[in-house]
Amino acid sequence: MQFTAKDIALMLKGTVEGDLLAAVDQLAKIEEAGNGSLSFLANPKYEQYLYTTNASIVIINNDQHLAQPVKATIIRVDNAYSAFTLLLEKYNTIKLHKSGIEQPSFIHPSAKVGDNAYIGAFAYISQDVTLGDNCKIYPNCYIADNVKLGNNVTLFPGVTVYFDCVIGNNAIIHSGAVIGSDGFGFAPNPDGSYNKIAQIGNVIIENDVEIGSNATIDRATMGSTVIRAGVKIDNLVQIAHNVEVGANTVIAAQSGVSGSVKIGERVMMGGQAGIAGHLNIADGSQLNAQTGINSSIKEPNKKWGGSPYQAYQDYLRAQVNIRKLPDLEKRVRELENIITELKKDVH
Amino acid sequence: MQFTAKDIALMLKGTVEGDLLAAVDQLAKIEEAGNGSLSFLANPKYEQYLYTTNASIVIINNDQHLAQPVKATIIRVDNAYSAFTLLLEKYNTIKLHKSGIEQPSFIHPSAKVGDNAYIGAFAYISQDVTLGDNCKIYPNCYIADNVKLGNNVTLFPGVTVYFDCVIGNNAIIHSGAVIGSDGFGFAPNPDGSYNKIAQIGNVIIENDVEIGSNATIDRATMGSTVIRAGVKIDNLVQIAHNVEVGANTVIAAQSGVSGSVKIGERVMMGGQAGIAGHLNIADGSQLNAQTGINSSIKEPNKKWGGSPYQAYQDYLRAQVNIRKLPDLEKRVRELENIITELKKDVH
Amino acid sequence: MQFTAKDIALMLKGTVEGDLLAAVDQLAKIEEAGNGSLSFLANPKYEQYLYTTNASIVIINNDQHLAQPVKATIIRVDNAYSAFTLLLEKYNTIKLHKSGIEQPSFIHPSAKVGDNAYIGAFAYISQDVTLGDNCKIYPNCYIADNVKLGNNVTLFPGVTVYFDCVIGNNAIIHSGAVIGSDGFGFAPNPDGSYNKIAQIGNVIIENDVEIGSNATIDRATMGSTVIRAGVKIDNLVQIAHNVEVGANTVIAAQSGVSGSVKIGERVMMGGQAGIAGHLNIADGSQLNAQTGINSSIKEPNKKWGGSPYQAYQDYLRAQVNIRKLPDLEKRVRELENIITELKKDVH
């Protein structure tokens, strides 16, 4: 797909300086852009790139001063960063445009599929499933009995949603994610073996949630595991049974949340962090990567680190102190030597 | 599905107090239960919920005393908890009831499929595969050449089992789990590159094992990676080549076990714990979450924590000591000052 | 498949001592081998196994001295280890031999499939995809629009490759791996919610790369996430957007690499290690298991451990010092007591 400076300026309500017919077919960073690329400059700090870039078109702010001649065609807009972001989205929308129902796919006669759906080949839609409008179910996805999806939901290839789960509007779920598998619940027998505790709850995912590749979210034993609106979950994250994740919380890759944890709103979990079972995490908490949380966090909006965790500043200080231990030991040894001498002198 | 108090009492051999025709269609915790829900009270500590619950039916122990009137219909049984667990299981069995062979699926003519199988659409059963009776192979599962499954095995959607692997009776394997992929074995070349070492062993999973979503269990280089009877493995766990996991061991989410490790029986691994290669872990060991095991554990039935690991009590004490380091440094500084003064006094 | 000593000697250019018609149908370690097994002895240290093994055929070095009679048929070669490795590979090649295009599969008319391909049932090859020669695409794989695969690429069942990604020759990608899912990029709004930043880059995987089960490699926001030639990535590893992994680097299971990290060549990452965003890791660095890297590593070929990381020797020493803390505290207490006494003496 090729677009001219004229096309793009029209779309962004910008003004062109240079060749109206300059054409681009890809988007790139200004310092990496080649011929045929569209780029942008938002931060005046990087102005020099404007004079050296090989991009064919560059979007800049209306108030950007040009100190030297620019080879590229310029499009001026109110906010170059927002304008470029808008183009990224449009580009992606075109790239990801899919529609229609491919064969062979499996759609149970009782399932309700909304308008303008994409159902890929080898996708499986079970009994009593409801899909809203504009849903995209890529190939090899499995949606079990009685699942409900809102509007504009995208399941990339190979997503599994177990029975009775509910997924809100605008959800994006990446390949291999598993929603609603059994919680890890077993009752010990006297002989050391375990009986499985049936897991009959579900997972509820509210609107505007994104879930990464191969992430796993277990169903509740009874009731619901709940992912509130606007939550963003990265690849390979584990959310156990009966967890509640508060609105707009962000969880980085490979983090794990144990059973019955309640995470507040706007929490940020770094990668490979873990939270032990049945704890509460206050709103706005920030957990450093690899943090281990073994007790509830009650004070909101604080940063934490270490395993087991401490206030982030204390954690940093503890690390410094650990590194100074050989020095401290030496000081104690010297004191011991001096004392030995002193005692001789005194007695 | 609706059930009446009379139906349920018959099933549980209980006695009804109240409306024999009270009907329920779901199971819920007593404090969350609404109209149409069945709940239970086992622990007398929570007796007050009995008088406030909106559940339509509540199962209680035969010896439960009622201090106030109860709105719900009551079913009395010997053990309310066991009775409720039984209902959970029955509920789940009904929910997960699937049978027959859906089309299109791929079943090699040489494969042997036992009685009463469910083979979902887009499932793939390769050459010389043997499935026992009552197996459920959900859609998008792949079972490679020469794999043997026992009776009552459930593979949820998207499970992959590589060639030659053996899975015992009653196994439950959740979506996206991969059984028998190649062990991570490479021989270094002088130029820094690696040659792959062919991985020709298999994975043997004994009876009564459950494996979580997106867990990975690698085949042995030669011989077998072995998961003994009754083992329970949570989501996103990694079991490397040639590992043996002892009977009734439980491994929580995101834990990793390196190559050729031998884990004893009844071991409990917390989440995100790791074990380095070629180690032995004694029976009944308990590893705290995020523990890092870098040497064999010889003493059975002990609890361990930290990375690198220590006895759990030592680990806790070390954490306290680390937190007291600033205080210790201050005490040393004071001693140094006193000594300086003392030396003046003495000399 | 059965092979005789004569067949095998011919293949390996070796000489037979014993029964030319001795037949084997499996490969095994010499100490575990049974009747019908082929084994090898390369290390003279284990010579005693030669006299006790139940293997039907054993491959040994030309210069191996036999001190006692050997029951098994012997095949002598220049290098027994290399010869056995060759057999492992041949065995594996036979085991994994698949060819042809199975039905139902989905191959877009615009896709180009090279010679001698295997395309399994329920595999999906999208628009404008190019596959080189000798590619094996197992069932339930999904290859999105405009993806390019080199020659001899194997995708085991259930691999997903998102649009525009490029995979070099001889790549082996295990089940459930996801290549090219969206980077984890969101722009915060004043109300605490996030806007998704469209991820329009791709993943480029060079030649001779192996990627483990359920590993995830995210596409770049713009530009490319790059996995250089000869890299080996284990199961459940996370590689974030815009990362570059240098040639012949090896990454063990469950490790995570954050966005825009640049890893050098011949780096070795132990299991469950993590690297924070935007850092550089020098060539030849060795990261212990569970290491946490929070600043760039500039010095090449060094070993590191701990979270946050230190030079490996310092990390080990710090662990010793932490364990000695109770002792250090006791020494300080004793000094305090002595000083108190001394002060009495002096004043």
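The values are calculated or read from the model by the stated rules, or taken from the named source; none is laboratory data. Just so it is clear, the structure is predicted and the values come from calculations on it, not from any experiment. Cβ sites come from the backbone with ideal geometry, for glycine too, and all protein chains shown count toward neighbours.
I'd like to verify a number: residues in the range C:142-160 that are within 9 Å of chain A (Cβ to nearest Cβ), in contact with a Cys (Cβ under 9 Å, 6 or more places away or on another chain) and in a strand (DSSP E or B), how many?
1
If you check B:VAL320, B:VAL243, which single one turns out to be surrounded by 17 or more Cβ atoms within 10 Å (Cβ to Cβ) and either touching an Asp or Glu at 6+ places or on another chain (Cβ under 6 Å) or of a type in the set (Val, Ile, Thr) (or both)?
Values: B:VAL320 fails: surrounded by 17 or more Cβ atoms within 10 Å (Cβ to Cβ).
Only one candidate qualifies: B:VAL243.
Give just the number: which of (1) closer than 26 Å to A:GLY183 by Cβ; (2) out of contact with any strand residue (DSSP E or B) (no Cβ under 8 Å at 6 or more places or on another chain); (3) of a type in the set (A, V, I, L, M, F, W, C) does B:PHE3 not satisfy?
Checking B:PHE3 against (1) closer than 26 Å to A:GLY183 by Cβ; (2) out of contact with any strand residue (DSSP E or B) (no Cβ under 8 Å at 6 or more places or on another chain); (3) of a type in the set (A, V, I, L, M, F, W, C), the one that fails is (2).
Taking the conditions exactly as written (touching a residue at least 12 places away in the same chain (Cβ under 8 Å) and more than 9 Å from every other protein chain (Cβ to nearest Cβ)), does A:ILE173 satisfy them or not?
Values: touching a residue at least 12 places away in the same chain (Cβ under 8 Å): yes; more than 9 Å from every other protein chain (Cβ to nearest Cβ): yes.
Yes, satisfied.
Scan the range C:166-198 for residues that are of a type in the set (Phe, Trp, Tyr) and touching a Gly at 6+ places or on another chain (Cβ under 6 Å) and report the count.
From the range C:166-198, those of a type in the set (Phe, Trp, Tyr) are C:184, C:186, C:194; that's our starting set.
Pick out the ones that are also touching a Gly at 6+ places or on another chain (Cβ under 6 Å) and you get none.
Total meeting the criteria: 0.
For the range A:300-321, check the following and say yes or no: at least one residue is at pLDDT 95 or above, within 20 Å of A:ILE217 (Cα to Cα) and assigned by TED's automatic domain parsing to the domain that holds A:GLY223.
Within the range A:300-321, not a single residue is at pLDDT 95 or above, within 20 Å of A:ILE217 (Cα to Cα) and assigned by TED's automatic domain parsing to the domain that holds A:GLY223.
Before we move on, is A:ASP182 acidic (Asp, Glu), more than 7 Å from every other protein chain (Cβ to nearest Cβ) and under 26 Å from B:SER255 (Cα atoms)? I'd like the intermediate steps shown before the answer.
Values: acidic (Asp, Glu): yes; more than 7 Å from every other protein chain (Cβ to nearest Cβ): no; under 26 Å from B:SER255 (Cα atoms): yes.
The answer is no for A:ASP182.
Could you list all residues from the range A:110-134 that are surrounded by 24 or more Cβ atoms within 10 Å (Cβ to Cβ) and more than 18 Å from B:CYS141 (Cβ to Cβ)?
Across the range A:110-134, the qualifying residues are A:ILE119, A:LEU131.
Take the conditions in contact (Cβ under 8 Å) with a residue 24 or more places away in the chain and crowded, with 20+ Cβ neighbours inside 10 Å and apply them to B:ILE197. Does it pass? Outline the logic, then answer.
Working: in contact (Cβ under 8 Å) with a residue 24 or more places away in the chain: yes; crowded, with 20+ Cβ neighbours inside 10 Å: no.
In short, no.
Given the structure, is B:LEU325 among the hydrophobic types (A, V, I, L, M, F, W, C) and either out of contact with any helix residue (DSSP H, G or I) (no Cβ under 7 Å at 6 or more places or on another chain) or assigned by TED's automatic domain parsing to the domain that holds B:GLY176 (or both)? Before the answer, list the steps.
Numbers: among the hydrophobic types (A, V, I, L, M, F, W, C): yes; either out of contact with any helix residue (DSSP H, G or I) (no Cβ under 7 Å at 6 or more places or on another chain) or assigned by TED's automatic domain parsing to the domain that holds B:GLY176 (or both): no.
In short, no.
Just give me the residues in the range A:22-54 being in contact with a Gly (Cβ under 9 Å, 6 or more places away or on another chain), more than 16 Å from A:LEU88 (Cα to Cα) and aliphatic (A, V, I, L, M), in sequence order.
Answer for the range A:22-54, where residues must be in contact with a Gly (Cβ under 9 Å, 6 or more places away or on another chain), more than 16 Å from A:LEU88 (Cα to Cα) and aliphatic (A, V, I, L, M): just A:ALA23.
Considering only the range B:154-168, state which residues are crowded, with 24+ Cβ neighbours inside 10 Å and among the aliphatic types (A, V, I, L, M).
Across the range B:154-168, the qualifying residues are B:LEU155, B:VAL159, B:VAL161, B:ILE167.
I need every pair where a residue in the range B:44-66 that is assigned by TED's automatic domain parsing to the domain that holds B:ALA23 and free of Cβ contacts under 8 Å to residues at least 12 places away in the same chain has its Cβ under 7 Å from the Cβ of a residue that is part of a helix (DSSP H, G or I) and buried (at least 22 other Cβ atoms within 10 Å of the Cβ), sequence separation at least 6 or different chains.
From the range B:44-66, no pairs qualify.
Restricting to the range A:228-243, name every residue that is more than 9 Å from every other protein chain (Cβ to nearest Cβ), over 24 Å from C:HIS241 (Cα atoms) and either among the hydrophobic types (A, V, I, L, M, F, W, C) or without any contact (Cβ under 8 Å) to a residue 12 or more places away in the chain (or both).
Correct list: A:VAL243 only.
Is one or more of the residues making up the range C:169-183 in contact with a Leu (Cβ under 6 Å, 6 or more places away or on another chain) and either surrounded by 24 or more Cβ atoms within 10 Å (Cβ to Cβ) or not assigned by TED's automatic domain parsing to the domain that holds C:GLY201 (or both)? Steps first, answer last, please.
So in the range C:169-183, the residues in contact with a Leu (Cβ under 6 Å, 6 or more places away or on another chain) come out as C:173.
Those left that are additionally either surrounded by 24 or more Cβ atoms within 10 Å (Cβ to Cβ) or not assigned by TED's automatic domain parsing to the domain that holds C:GLY201 (or both): C:173.
Within the range C:169-183, one or more residues are in contact with a Leu (Cβ under 6 Å, 6 or more places away or on another chain) and either surrounded by 24 or more Cβ atoms within 10 Å (Cβ to Cβ) or not assigned by TED's automatic domain parsing to the domain that holds C:GLY201 (or both).
Residue by residue through the range A:198-227, note down the ones that are at the interface with chain B (Cβ under 7 Å from one of its Cβ atoms), farther than 30 Å from C:GLN199 by Cα and among the β-branched types (Val, Ile, Thr).
Across the range A:198-227, the qualifying residue is only A:ILE200.
Do we have any residue at all in the range A:304-312 that's free of Cβ contacts under 8 Å to residues at least 12 places away in the same chain and either within 38 Å of the chain's Cα centre (by Cα) or over 27 Å from C:ILE275 (Cβ atoms) (or both)? Even if it seems obvious, please write down each step before you answer.
Step one: of the range A:304-312, the residues free of Cβ contacts under 8 Å to residues at least 12 places away in the same chain are A:310-311.
Now drop any that are not either within 38 Å of the chain's Cα centre (by Cα) or over 27 Å from C:ILE275 (Cβ atoms) (or both), which leaves A:310-311.
Yes, because at least one residue in the range A:304-312 is free of Cβ contacts under 8 Å to residues at least 12 places away in the same chain and either within 38 Å of the chain's Cα centre (by Cα) or over 27 Å from C:ILE275 (Cβ atoms) (or both).
Scan the helices (runs of 4 or more DSSP H) fully inside the range A:3-109 and keep the ones with 1 or more residues being surrounded by 14 or more Cβ atoms within 10 Å (Cβ to Cβ), under 30 Å from the mean Cα position of the chain (by Cα) and modelled with pLDDT under 90. Give the derivation first.
Working: elements: A:5-12, A:48-52, A:80-95.
Hits in the range A:3-109: A:80-95.
So that you can scan it fast, the table gives a plain yes or no per residue for (1) away from chain B (no Cβ under 13 Å); (2) more than 24 Å from B:TYR315 (Cβ to Cβ):
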residue	(1), (2)
A:ILE275	no, no
A:ASN288	yes, no
A:SER307	no, no
A:GLU341	no, yes
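Looking at A:GLY168 and the list (1) within 7 Å of another protein chain (Cβ to nearest Cβ); (2) in contact (Cβ under 8 Å) with a residue 60 or more places away in the chain; (3) not charged (D, E, K, R), which single condition is not satisfied?
(1)
Of all the residues that make up the range A:251-268, how many are more than 10 Å from chain C (Cβ to nearest Cβ) and within 18 Å of A:GLU210 (Cβ to Cβ)?
Going through the range A:251-268, the residues more than 10 Å from chain C (Cβ to nearest Cβ) turn out to be A:256-264, A:267-268.
Subsequent filtering for residues that are within 18 Å of A:GLU210 (Cβ to Cβ) retains A:257, A:263, A:267-268.
Count: 4.
Name the residues in the range A:110-128 that are away from chain C (no Cβ under 14 Å) and either in contact with a helix residue (DSSP H, G or I) (Cβ under 9 Å, 6 or more places away or on another chain) or outside any strand (DSSP E or B) (or both), would you? Working first, answer last.
Filtering the range A:110-128 down to residues away from chain C (no Cβ under 14 Å) leaves A:110-117, A:125-128.
Across the range A:110-128, the qualifying residues are A:SER110, A:ALA111, A:GLY114, A:ASP115, A:ASN116, A:ALA117, A:SER126, A:GLN127, A:ASP128.
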